[in-house]
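The structure appears right after this line, and notes come after that.
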Amino acid sequence: MKILTVVGARPNFMKAAPIIAAINEHNERISTKYADRREQPVETTQHILVHTGQHYDDLMSGSFFSDLKLPRPDVHLGVGSGSHAVQTAEIMKKFEEVLLREKPDVVVVVGDVNSTLACALVAAKISFDSVGSRSLIVHVEAGLRSFDRSMPEEINRILTDHVSDLLFVTEESGFQNLRNEGVSPDRIHFVGNTMIDSLLAFKEKAESSTILEELGLRTQAGKNGAGNSINRYALLTLHRPTNVDNRDAFLNILAGLEELAADCPIVFPVHPRTQRRIKEFGLESHLGMNGTKIKGDARDSGNRRHGIILTNPLGYLDFLCLMKHARLVVTDSGGIQEETTCLGIPCVTVRENTERPVTVESGTNTIAGTKKESINDAIRRQKVRRTSGGVPKKWDGQAATRIVDVFIRTYHEKALSRQSLIPQTCA
Ligand code: UD1
C-alpha cells in the first residue's frame, strides 16, 4: 500500500508529522509481528512525502523539519509564492506529474492552505487508467467552518472537504458542519487533533529551548540558589491579510495592544507578509523597530520600545516554549487558538470569527474582533481570567494513530483496488 502525504506551508508540518510517525509505527508493528513466522506478512505501507514549496524559507519551513523530526521530502515541487491563482495552478500542474508517476493508493492532505486544496483537487480528477481509478483522498482537519468566505482558507476547506473520500475532524462542530452540507456520516471520523499530538509529543522538549534567555525573559538563579524565574510577557502573532494588508486595520490592532505593551513586554515573531507590510506602511516607529534589525538575527531583542520585542519567525520548539510560559497570547492564527487551549494559556483572537468554536466553548480563547477598544477590553478580561478552560475531547495525543488505523482499515475492508476508487457521492 502506497501512501502519499502533502505538506506545503508552515501550519502543515506539525499536523503531518504525527501521521508519518504513526505510519512508521504501523510498519514496525507488522515487521515485529511477522518476523518469526513463515506466513506472508500483512502488507506494510510505503510512504512518500511531497513538499509543494508554498513556504520555502528556512524559518518558515526548513527549521520545522529538524524540530519535528520530519523526514526529508521525497519530492519537492519548489512552487514558492504567487497570487492564489498562480500558486494553486503551479502546485496542480506539478503535483499531477507526481501522482501519475507514483499512483499512490492514498493521498493525505492536511489543514486549509492553498497546497491542501490544489493537491486534493488534482487527486480527485485524475485517472490512472481507462476506468477512472484514482487514490483514496484523506483530509485531516476537515469540517472546520468560519462561515466567512472572504477568508481564502474557508474556500480551501469547503472545496477540499467536498472532493475528499475520508474526512477526519478535530472537534464535534466539524462533524455537524459536514452533515449540514450533506456529507454522508460514514465518511466522517471524529479522531482528535494531530496538531495537538505534536504539541504533546514536543512539550517537554521545548523546555530545552534557550529562547527565553536570548530574549532576556528568564532571570538567572541568584547565588543563594533561588531558582530561575521567568518574567511576565505576552506573545503576539499577526499575518492574516485582512489584519495586516490594510494600513488602518493594522494600526487599529497596534493601538489595541498599547495598554498591554505598557504593562509587560510583548514578543512578536513577525511573519514575512507582516514584515513586508510594516516596511511598506512605514510602521517601524509604531513598533519601535529600525527596519534593519528584523532582518538580522532572529534572536535580536534590541527593539524594545513600547515593550514590543520583534523577532523573525521562530522555529517550532522556540515558539512552543514561548507559548507555554506566556501570560497571554494575542493572535490571528487558527492553530494557536488550539495550542493555547491545550496549554491552558489565555488567548485573545484578533478576528471577527473562529472556525474552531471548541476553543471558546471549552477552552481559553476569546474572539476580540479587530477594533482597538474591543481588543483592549478582551485583553483586560483575559489577563484576570482564573479558569484554565478544558482540553477538548480526544485531544489526547492519539489522533494520528486513529487516523492511520481508519484509513488502512477502510482501504482493506472495502478492497479499494484502484478500480473501485470511483468518486463517491454525497448522501
Ligand atoms: C499561508 C496560508 C495560511 C497560513 C499561513 C501560515 C494560504 C491561503 N494561506 O499564508 O492559511 O495561516 O500560510 O504562515 O495557503 N513568504 C516568504 N517566505 C516563505 C513563505 C512566504 O517570504 O517561506 C512571503 C512571500 O512573500 C509570500 C507571503 O509571505 O508572498 C505570503 O505567503 P503565502 O504562502 O502566500 O501565504 P501566507 O500568508 O503565509
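The values are calculated or read from the model by the stated rules, or taken from the named source; none is laboratory data. Note that the structure is predicted; figures quoted are calculated from it, not measured. Cβ placement follows ideal geometry from the backbone for every residue including glycine, while neighbour counts extend to all protein chains displayed.
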State which residue is surrounded by the most Cβ atoms within 10 Å (Cβ to Cβ) when the search covers only segment 109-136 and only residues that are near the ligand (Cβ under 9 Å from one of its atoms) and part of a helix (DSSP H, G or I). T116
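Which residues, taken from segment 75-85, are outside any loop (DSSP other than H, G, I, E, B) and either under 20 Å from the mean Cα position of the chain (by Cα) or within 13 Å of H51 (Cα to Cα) (or both)?
Going through segment 75-85, the residues outside any loop (DSSP other than H, G, I, E, B) turn out to be 75-76, 84-85.
Residues satisfying the conditions are V75, H76, H84.
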A16 vs. criteria surrounded by fewer than 23 Cβ atoms within 10 Å (Cβ to Cβ), within 16 Å of the ligand (Cβ to nearest atom), aliphatic (A, V, I, L, M) and at pLDDT 95 or above: no
For I403, work out the one condition from (1) part of a helix (DSSP H, G or I); (2) without any contact (Cβ under 8 Å) to a residue 40 or more places away in the chain; (3) out of contact with any Gly (no Cβ under 8 Å at 6 or more places or on another chain) it doesn't fulfil. (2)
Would you call S150 surrounded by fewer than 16 Cβ atoms within 10 Å (Cβ to Cβ), within 13 Å of the ligand (Cβ to nearest atom) and among the polar types (S, T, N, Q)? yes
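Each row is one residue, and each column tells you yes or no for (1) closer than 15 Å to A9 by Cα; (2) out of contact with any Ser or Thr (no Cβ under 8 Å at 6 or more places or on another chain); (3) among the hydrophobic types (A, V, I, L, M, F, W, C); (4) without any contact (Cβ under 8 Å) to a residue 12 or more places away in the chain.
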| position | (1), (2), (3), (4) |
| --- | --- |
| L77 | yes, no, yes, no |
| Q87 | yes, no, no, no |
| I91 | yes, no, yes, no |
| E96 | no, yes, no, no |
| L99 | no, no, yes, no |
| E102 | no, yes, no, no |
| V106 | no, no, yes, no |
| V110 | yes, no, yes, no |
| T116 | yes, no, no, no |
Does segment 65-85 hold any residues that are hydroxyl-bearing (S, T, Y) and within 12 Å of the ligand (Cβ to nearest atom), and which are they? S81, S83
For the structure I just gave you, tell me whether I336 is touching a Gly at 6+ places or on another chain (Cβ under 9 Å), hydrophobic (A, V, I, L, M, F, W, C) and in contact (Cβ under 8 Å) with a residue 40 or more places away in the chain. no
Could you check L178 against (1) free of Cβ contacts under 8 Å to residues at least 60 places away in the same chain; (2) over 28 Å from A89 (Cα atoms) and say which number it fails? (2)
Please give the strands (runs of 3 or more DSSP E) falling wholly within segment 171-279 in which 2 or more residues are of a type in the set (A, V, I, L, M). 234-237, 266-269
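For residues that are in a helix (DSSP H, G or I) and either within 20 Å of the chain's Cα centre (by Cα) or of a type in the set (A, V, I, L, M) (or both), tally how many sit in segment 86-108.
9
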Residue list for segment 153-180, restricted to those being charged (D, E, K, R), within 16 Å of the ligand (Cβ to nearest atom) and in contact with a strand residue (DSSP E or B) (Cβ under 9 Å, 6 or more places away or on another chain): R157, D161
Return yes or no: is R385 at pLDDT below 95 and on the phi < 0 side of the Ramachandran plot? yes
From the residues in segment 45-64 that are away from the ligand (no atom under 13 Å from the Cβ) and either assigned to a strand (DSSP E or B) or modelled with pLDDT of 95 or more (or both), which one is surrounded by the most Cβ atoms within 10 Å (Cβ to Cβ)? V50
Checked segment 65-74 for anything farther than 22 Å from F95 by Cα and assigned to a helix (DSSP H, G or I); matches are S66, D67
Residue check for A21: surrounded by 23 or more Cβ atoms within 10 Å (Cβ to Cβ) and among the small types (G, A, S): no
Between F202, F175, F168, which is closer than 20 Å to E413 by Cβ and either in contact with a Cys (Cβ under 9 Å, 6 or more places away or on another chain) or crowded, with 18+ Cβ neighbours inside 10 Å (or both)? F168
Restricting segment 286-345 to residues that are among the hydroxyl-bearing types (S, T, Y) and assigned to a strand (DSSP E or B), the residue that is modelled with the lowest pLDDT: T311
